[in-house]
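Trainee: Take this structure first; my questions come after.
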Amino acid sequence: MNRRKIVAGNWKMNKDLFDGMRLASELISDSSKLPSKSVEVIIFPPFPFLHTSISMAKRVEQITVGAQNCHHERSGAFTGEVSPSLLKSMEIDYVIIGHSERRTLFNESDSFLLKKLISALNCGLKVIFCIGESLDIREKGHHLSHIKDQLEKTVFKLDPEVLPNLVIAYEPIWAIGTGVNATADQAQEMHHHIRQLLVDHFSEGIAIEMPVLYGGSVKPAISKELFSQPDVDGALVGGASLDRDSFMEIVAHRIKNN
Ligand code: PEP
């Protein structure tokens, strides 16, 4: 299976400038030693660190830099927001859309997220689009239908032409930042479900090519087993991406399981 393998680190609102630049520089240096094209390493530092991180990462093909969010409009009176075209002009490759923290803390609905998805993809950005169920939904046994519903309201409304630039991240909300990860079996079940939904709605070809990442308390202790699952193509890592050794160990596990 030649699907892209990805390990992405979402730093969220962490690190000050000094620590952030040190971590970026260490990860860029570590990534430069990875076998070329074995895995895509993407870091998502806070907005103020993006410009310097991109300049530093430019010379290393094994690592890219992304933004944690964007607005859907190209420009205008949106104080504090950043547009996809602005990110593109900075040579940003990736943007995260639909993270559960944006959905829950900033009330971003599926219809609003669809606008962002369309805008970012039309601008030529690659998107990691997050979906996932709450603990309540999982305990009621409605997680599979919930994910279908989220996809129907967002990804399934996209033009198939933009899909090569889309990556899906399955991030169960109950696993994010809690230390309680989905088991490898739970992740595989959901990733297989997502891929089957992509087959049913789009095509087998699109489903086979689309990377589906797992996110939710990924640590080196569990990443090896997660990556041994056939439909888990990589990870979106929060907490463990703030630590050089933990993050690079997860990257190493992804490479070993290729
Ligand atoms: C995330 O925020 O996307 C995430 C998965 O966080 P953590 O790894 O800390 O659970």
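Trainee: What are the pairs with Cβ atoms under 7 angstrom where one residue, in region 92-109, is farther than 30 Å from residue 61 by Cβ and the other, located anywhere, is within 12 Å of the ligand (Cβ to nearest atom) and among the acidic types (Asp, Glu)? Sequence gap at least six, or different chains.
Mentor: Between residues of region 92-109 that are farther than 30 Å from residue 61 by Cβ and residues that are within 12 Å of the ligand (Cβ to nearest atom) and among the acidic types (Asp, Glu), the close pairs are 100/171.
Trainee: Condition check: aromatic (Phe, Trp, Tyr), closer than 19 Å to residue 2 by Cα and surrounded by 15 or more Cβ atoms within 10 Å (Cβ to Cβ). Does residue 214 satisfy that?
Mentor: Taking the combined requirement at face value, the residue satisfies it.
Trainee: Return a yes/no flag: does region 138-149 have any residue that is within 30 Å of residue 55 (Cα to Cα), modelled with pLDDT of 95 or more and not in a loop (DSSP other than H, G, I, E, B).
Mentor: Checking region 138-149: not a single residue is within 30 Å of residue 55 (Cα to Cα), modelled with pLDDT of 95 or more and not in a loop (DSSP other than H, G, I, E, B).
Trainee: Another question about this same structure. Going by what's in this entry, would residue 196 be described as touching a residue at least 12 places away in the same chain (Cβ under 8 Å), away from the ligand (no atom under 16 Å from the Cβ), more than 17 Å from residue 117 (Cβ to Cβ) and of a type in the set (S, T, N, Q)?
Mentor: Answer is no for this residue.
Trainee: Additional query: Of all residues in region 150-162, which are part of a helix (DSSP H, G or I) and in contact with an Asp or Glu (Cβ under 8 Å, 6 or more places away or on another chain)?
Mentor: Result: 150, 153.
Trainee: Let me ask something else. Scan region 96-114 and give yes if some residue there is away from the ligand (no atom under 16 Å from the Cβ) and of a type in the set (Lys, Arg), otherwise no.
Mentor: No, the conditions are met nowhere in region 96-114.
Trainee: Working carefully through the options 153, 157, 126, 148, find the one that is more than 16 Å from the ligand (Cβ to nearest atom) and within 23 Å of residue 105 (Cβ to Cβ).
Mentor: On inspection, the qualifying residue turns out to be 153.
Trainee: Could you list all residues from region 164-193 that are more than 9 Å from the ligand (Cβ to nearest atom), crowded, with 22+ Cβ neighbours inside 10 Å and in contact (Cβ under 8 Å) with a residue 60 or more places away in the chain?
Mentor: Listed by number, the list holds a single entry, 167.
Trainee: Determine which single condition residue 202 fails, assuming it passes every other condition in (1) in contact (Cβ under 8 Å) with a residue 40 or more places away in the chain; (2) at positive phi.
Mentor: Checking residue 202 against (1) in contact (Cβ under 8 Å) with a residue 40 or more places away in the chain; (2) at positive phi, the one that fails is (2).
Trainee: Consider only pairs whose beta carbons are under 9 Å apart and that are at least six residues apart or on different chains; among these, list those whose first residue lies in region 64-76 and is over 12 Å from residue 123 (Cα atoms) and free of Cβ contacts under 8 Å to residues at least 12 places away in the same chain and whose second residue is assigned to a strand (DSSP E or B) and of a type in the set (Lys, Arg).
Mentor: none
Trainee: Return the residues of region 24-43 that are farther than 12 Å from residue 57 by Cβ and among the hydrophobic types (A, V, I, L, M, F, W, C); say none if nothing qualifies.
Mentor: Selection gives 34, 39.
Trainee: Can you say whether residue 203 is within 24 Å of residue 31 (Cα to Cα) and away from the ligand (no atom under 16 Å from the Cβ), as far as the supplied structure shows?
Mentor: Taking the combined requirement at face value, the residue does not satisfy it.
Trainee: State the number of residues belonging to region 215-238 that are within 11 Å of the ligand (Cβ to nearest atom), at negative phi and within 14 Å of the chain's Cα centre (by Cα).
Mentor: 6
The values are calculated or read from the model by the stated rules, or taken from the named source; none is laboratory data. Computed from a prediction, not measured in an experiment: that's the story for all the values here. Positions of Cβ are generated from backbone atoms using ideal geometry, with glycine treated the same way; all protein chains shown enter the neighbour counts.
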